[in-house]
Ligand code: SAH
């Protein structure tokens, strides 16, 4: 962990200065928790705050109170000048994730360390810390924070992770969280502009242990295999056998499986030709598709 801290100084000052990501004026907001299902619709509608939702000039104690209350907090550009606020809203988000049952402190710390708003379009960044998936373009989404934490917790299982593979980089958020819990993260994206977006989002964070690949993740990444853990961020009707074969023995793969009705599955490789399978909970992901675009 010490070495990670060195690799990952969390340069929030670099992130907050990015003028291409300026947000609306105002400072903090508390509102209802959006469900993942309504989030995408609401996101487009609510990208810009209603003036009545704005808090003119909130004090630090007001923001801390919001964070403690576990309510949703929207951060706006005044907050960006104050990294403390970002930390407070992330802490509140992590509090909600913990309430939903994620117990792994390493995962919760990773979620607290990664600023989610820098992975989103400026119009939506104000909603970065609600527990919802949100659109990132090309009909794809940034995953809901709870499910990101849950999948990583299940994959990690309290152990030490060497190489891990993520299928479906999207905007790069989950890869950034993974970089805090694994030695080396490989992440594959099949949509070229999203692969480029993830690169752009991750660059200012200067994370040394992420390798992004443009390609079809259904084929895995033979050149970097085997992996202690594999996470699929998109749902297929089944998990490709190629991926199962790229797990180390003892390695764990977590994937959403299904079409309209999806469940989170944990597949563990227990021998050269043996895998066990466990169904965990319902979930909702964008579809896993073959080929590249
Ligand atoms: N990991 C993301 C979530 C990404 S959404 C996060 O950090 O929030 C799922 C992504 O999987 C989409 O960008 C989609 O294009 C991608 N995807 C779907 N099928 C894929 C495949 N076969 N290979 C690689 N990426 C795939």
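Before moving on, here are some points about what is shown:
- Scanning the range 69-90 for any residue that is modelled with pLDDT of 90 or more, surrounded by 16 or more Cβ atoms within 10 Å (Cβ to Cβ) and in contact with a helix residue (DSSP H, G or I) (Cβ under 7 Å, 6 or more places away or on another chain) turns up at least one such residue.
- Taking (1) within 16 Å of the ligand (Cβ to nearest atom); (2) touching a residue at least 12 places away in the same chain (Cβ under 8 Å); (3) farther than 20 Å from residue 156 by Cβ in turn, residue 271 satisfies each apart from (1).
- Within the range 131-146, the set of residues being farther than 15 Å from residue 189 by Cα, buried (at least 24 other Cβ atoms within 10 Å of the Cβ) and in contact (Cβ under 8 Å) with a residue 60 or more places away in the chain comprises 132, 133, 134.
- Check on residue 102, away from the ligand (no atom under 12 Å from the Cβ) and assigned to a loop (DSSP other than H, G, I, E, B): yes
- Highlighted here are the strands (runs of 3 or more DSSP E) found entirely within the range 164-267 that include at least 3 residues which are within 8 Å of the ligand (Cβ to nearest atom) and either farther than 20 Å from residue 286 by Cα or modelled with pLDDT of 95 or more (or both): 182-189.
- Test: residue in the range 128-146 that is within 13 Å of the ligand (Cβ to nearest atom) and in a helix (DSSP H, G or I): yes
- Scanning the range 244-266 for residues that are in contact with a helix residue (DSSP H, G or I) (Cβ under 8 Å, 6 or more places away or on another chain) and more than 18 Å from residue 221 (Cα to Cα), we see that the one that is surrounded by the most Cβ atoms within 10 Å (Cβ to Cβ) is 264.
- Qualifying residue in the range 106-114 (condition: over 12 Å from the mean Cα position of the chain (by Cα), at pLDDT 95 or above, more than 13 Å from the ligand (Cβ to nearest atom) and closer than 25 Å to residue 236 by Cα): no
The values are calculated or read from the model by the stated rules, or taken from the named source; none is laboratory data. Nothing here was measured: the structure is a model prediction, and the numbers come from that model. Please note: Cβ atoms are built from the backbone with ideal geometry, for glycine as well, and neighbour counts cover all protein chains shown.
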